[in-house]
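A.B. asks: The structure that follows is given in the form of structure tokens.
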Amino acid sequence: MKSASQTHLAEALEAKLMKDEGSLLTGDALRRALGYRSMDALRKAISRGTAPVRVFMLPSRRGRFALARDVAMWLAAQSSTDSDPITRRHRKEDNPM
């Protein structure tokens, strides 16, 4: 279940992506948004089926595409995970209770 802050963050990220790139991300914009270091890394993730969002092809278009909404929702979900010990430590320091 998503929290209100996660939903708000996803909406803000989606608005930013839509403003900057439009409703579909492809190529370098998709690579940057998902945090891959290179296009080869993104291509490998797509071919292995390990890309974190649904990536699809469009008829009569070259390349692979992802919806800005899907990318924004994934990014917002990642920001709320507690799997990173550095993030957990900073949260504890910021909120000593």
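Nothing in this text is a laboratory measurement; each read-out follows from the coordinates by a stated rule. Computed from a predicted structure; not experimentally measured. A quick note on method: Cβ atoms are made from the backbone with ideal geometry, for glycine too, and the neighbour counts reach across all protein chains shown.
A.B. asks: When Lys and Arg each count +1 and Asp and Glu each count -1, what net charge do the other residues less than 14 Å away from Lys19, Cβ to Cβ, add up to?
C.D. replies: So the surrounding residues net to -2.
A.B. asks: Could I ask something else about it? If I stretch the segment between Ala77 and Ala15 completely, what's the gain in nm (0.36 nm per residue apart, minus their alpha carbon distance), one decimal?
C.D. replies: Result for the pair: 20.7 nm of gain on full extension.
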